[in-house]
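Worksheet: one structure, shown below.
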Amino acid sequence: MWPLLAKTARLLPAEAAHKAAVQALRFGIAPRPSLPSLPVRVAGLQFDNPLGLAAGFDKNAEAMAGAFQLGFGHVEVGTITPHPQPGNPKPRVFRLAEDVAVINRYGFNSEGRDRALQRLITYRNKGQAAGVLGINIGANKLSADPATDYYDGAKSFAALADYLTVNISSPNTPGLRDLQDAMRLPEILGAVASGLADASENAPENAPVDYAASVPVFVKLAPDMEHQQLIAALDQLAEADIRGVILTNTTISRPDSLKSVHKQETGGLSGKPLFKLASQTLSDAHKHLVKTGMRDKLSIIGVGGIGSAEDVYVKLLLGADTTQLYSALALQGPELPSHILTNLADMLAKSGVSDIANICGQAATIDEAMKLAQHSAITS
Ligand SMILES: Cc1cc2nc3c(=O)[nH]c(=O)nc-3n(C[C@H](O)[C@H](O)[C@H](O)COP(=O)(O)O)c2cc1C
């Protein structure tokens, strides 16, 4: 039934299929697989497995329970902006089926903070949490001061998030990626810290809480940064007590290999053609953090082009503590997470790996990681 439904959804335009998938998950119309236990600990949080749903699928926090039902160990909702905004004109998302890829220029279509807050409060009150819930915050397109928007997001969602993601890397909001620059980053990170501090001040007197200590903050970066810019950003994240870096968002580059008629559409490219670029960024980040003794401070969440257990394995070997995907779910359907996790469990067992943390960063290059992953896959 699920492969057939996924196939039917692919007949719809990409955005309509996306909407239908969110609504299906919202009403629990989804497989309920039995899953292997593959625990990982990241930034002080316990995850049931090392595969999460990346931001952008459930932008308005409508379908958390359904997304967990698919098997994801964590689900990141958002990007949520303070005020509602429509995003870019349609069409704004394209499937590149031949390339196993997606291009989107949604531009943070968001129902805004208040709607998401209502849903998240309802969700938390039901006590439904079946995994780690991340909340990804962003800035409105017409914001006069983006730092204020990140302050607002941190303050508003501190009490509801297991972790917060500061998204400064979407390519579809003019100027957003400039916030990754060493000159701008401290202001944004300072605003987030103030938001958490003010949320703590507002906590009820009989239940004081220090959100700066209890809610780890992750920052999501682009794969298109120059090496030196990436290094400078990592140094600042570690200095500012950020707990994790999500590598990476979509790319504005267009590899020569792309075949689809949509390849020149404006927007961020994701899926298979992003895999190597995102993995190289992750590997570079891991190596820099090890070299500078900051690796323990900053966890790495690997995302970009994952479509199989081997892909997850490669990201772990290159230094990811956990991983996420989005495009492959849209292209392959709702059984993908459980297939990946089942295959990953087999690969780890066949390689004699009992603790996923033990393979983190064990490969120096993508080629080496791919060889190791293929070997584990062949023998499994
Ligand atoms: C249609 C679409 C919408 C996205 N929207 C967001 C978003 O709102 N916020 C964000 O941080 N990332 C967003 N992303 C990026 C994904 O979270 C992810 O970083 C990227 O797609 C790479 O992973 P993938 O190759 O598995 O898709 C979006 C991606 C897609 C395909």
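Okay, here's what the table says:
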{"quantity": "Cα principal axis extents for segment 210-256, largest first, Å", "calculated": "49, 19, 9"}
{"quantity": "DSSP beta bridges in the chain [antiparallel fraction, %, rounded to 5]", "calculated": "30"}
{"quantity": "Distance between modelled label sites at ALA197 and LEU11, nm, 7 Å Cα→Cβ extension", "calculated": "5.8"}
{"quantity": "Cα gyration tensor shape for segment 2-378, rounded if a/c is under 1.5, else prolate or oblate", "calculated": "rounded"}
{"quantity": "For the chain: relative contact order, % (alpha-carbon pairs under 8 angstrom, 6 or more apart)", "calculated": "17"}
{"quantity": "Förster-model FRET efficiency, 51 Å R0, ASP210 and ARG32, C-beta, rounded to 0.05", "calculated": "0.85"}
{"quantity": "Loop-located GluC sites (Glu not before Pro) in segment 276-376 whose Cβ has at most 15 other Cβ within 10 Å (DSSP)", "calculated": "none"}
{"quantity": "Segment 5-141 shape via C-alpha gyration tensor axes, a/c threshold 1.5", "calculated": "oblate"}
{"quantity": "The chain: calculated mean residue ellipticity at 222 nm from DSSP helix runs of at least 4, using -39500 (n - 2.57)", "calculated": "-12000 deg cm²/dmol"}
{"quantity": "Among PRO174, PRO208, PRO186: highest mean-square fluctuation, GNM of the chain, C-alpha pairs under 10 Å", "calculated": "PRO208"}
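Computed from the coordinates by the stated procedures, all read-outs in this text should not be read as laboratory data. Quantities reported herein were computed from a predicted structural model and do not represent experimental measurements. As a convention, Cβ positions derive from the backbone with ideal geometry for all residues, glycine included, and neighbour counts pool all protein chains shown.
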